[in-house]
């Protein structure tokens, strides 16, 4: 009788152990998946533009003291003050054409709507205006593999106008004139194949008729 009674008890114990093992395994898998999801949500390297600074796995906003302008990284929007209001646009208006986003110092801010506290950031980072800020390596120039799929904004020079490293105000056409390395400026007009100021390379470089901000 004792032997017969012990068999069901042993059988039940094995079932309990198997059930507990499956339960523990399921909890571990779910926790790992949840942790991975949280990591992916908190990282946004792929949203950071090629003119952004390296070294940040997550960025919500850049603040650029030279221009007193903000940039929303997840939405790829510039935020600037105009007529007493904050404007949102894919690119900046012409008054910012003298600035180069690759060279401008960027302050990383991971707080909601920092432009609503603009005075705070002006006071804190005003010392970085006029080329007195520390140097930053931009994503475009990084060899780190984690940046290989970054957001390619292609508008760093002169704030949103493409191919505007040269100078002068003339308007060229056709294939441009000059040597192979000259470039047109941000004031050139035309399409992708004929631009600049009469000084360009074999195909000329300028912008796609310019980019202006939107309200």
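The values are calculated or read from the model by the stated rules, or taken from the named source; none is laboratory data. Treat the numbers as computed from the prediction; the structure is a model and nothing was measured. Every residue, glycine as well, gets a Cβ built from its backbone with ideal geometry; the counts of neighbours run over all protein chains shown.
Odds and ends about this structure:
- Odd one out for residue 174, checked against (1) loosely packed, with under 15 Cβ neighbours inside 10 Å; (2) modelled with pLDDT of 90 or more; (3) assigned to a loop (DSSP other than H, G, I, E, B): (2)
- Residue 55 vs. criteria surrounded by 10 or more Cβ atoms within 10 Å (Cβ to Cβ), modelled with pLDDT under 95 and not in a helix (DSSP H, G or I): yes
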